[in-house]
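Down below is the structure, laid out as structure tokens.
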Amino acid sequence: PLGFFDPLGACANGDKENFDRLRWVELKHGRVAMLAVVGYLVTYAGVRFPGAEDIPSGFAALDNLPDMVWAQMIATWTMMEAANQDQYKAPWGINQNALGESPAEFQGDFRNGAIDFNWDTLSEESKWRKRGVELNNGRAAQMGILALMVHEKIGNLGDILPLSHN
């Protein structure tokens, strides 16, 4: 529903390349936030991986993670950052491979020919609608994870989430 919303004038000069980069950053942060909200709610409900049953949820988990878990998380984030790019352009946009031209229609389009959910069969109107839905869901998730973190720090998270098994 927001469409183009630029209250700070970050794209006031009409630079399409800058707008596309900022839109990609917003899309990426939205995707991460959607996963964060689900992860936060699942761990707050008491679901844990085997061997991590004693690690609390929320911010308290940060002080209780073993060093090797931190190392694994950093390695995973690094690999995800390298892998979640347009592989036709190679990592970080340097075309050093022989894959040819990218089929991506926009930054963040990671179709690989195997898992594309029939994107090519959709009308342009449907594609724009689905992109808008993902963008708005990401925006909502960013606000959602922020709200969860704020309410945890305030101390009233249990009042709004009555499913704690901490």
Residue within the range 24-31 that is farther than 25 Å from MET80 by Cα, free of Cβ contacts under 8 Å to residues at least 24 places away in the same chain and assigned to a helix (DSSP H, G or I) present: no
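Determine whether ILE115 is modelled with pLDDT of 85 or more and within 19 Å of the chain's Cα centre (by Cα). Write out each step before concluding.
Working: modelled with pLDDT of 85 or more: no; within 19 Å of the chain's Cα centre (by Cα): yes.
When the stated conditions are applied, ILE115 does not pass them.
Quick one: in the range 40-72, which of the residues that are among the aliphatic types (A, V, I, L, M) and part of a loop (DSSP other than H, G, I, E, B) is nearest to ILE154 (Cα to Cα)? Don't jump to the end; show me each part of the working.
Within the range 40-72, the subset among the aliphatic types (A, V, I, L, M) is 41-42, 45, 47, 52, 55, 60-62, 65, 68-69, 71.
Among the residues that remain, those that are also part of a loop (DSSP other than H, G, I, E, B) are: 45, 47, 52, 55, 65.
On the way: ALA45: 19, VAL47: 23, ALA52: 26, ILE55: 21, LEU65: 23 Å.
My answer is ALA45.
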Only one of these conditions is not met by ARG21: (1) open to solvent by less than 40 Å² (accessible area, probe 1.4 Å); (2) in a helix (DSSP H, G or I); (3) modelled with pLDDT under 90. Which number is it? (1)
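Anything in the range 144-166 that is surrounded by 12 or more Cβ atoms within 10 Å (Cβ to Cβ) and free of Cβ contacts under 8 Å to residues at least 24 places away in the same chain? List them, or say none. Don't jump to the end; show me each part of the working.
So in the range 144-166, the residues surrounded by 12 or more Cβ atoms within 10 Å (Cβ to Cβ) come out as 144-149, 151-152, 157-158, 161, 164, 166.
Of everything in the range 144-166, those that are surrounded by 12 or more Cβ atoms within 10 Å (Cβ to Cβ) and free of Cβ contacts under 8 Å to residues at least 24 places away in the same chain turn out to be LEU146, ALA147, HIS151, GLY158.
The values are calculated or read from the model by the stated rules, or taken from the named source; none is laboratory data. This is a predicted model, so every value here is computed, not measured. All Cβ positions, even for glycine, are placed from backbone atoms using ideal geometry, and neighbour counts span all protein chains on display. Just the protein is used for accessible areas: all its heavy atoms, side chains included, with ligands, DNA and RNA removed. Shrake-Rupley method; radii C 1.70, N 1.55, O 1.52, S 1.80 Å.
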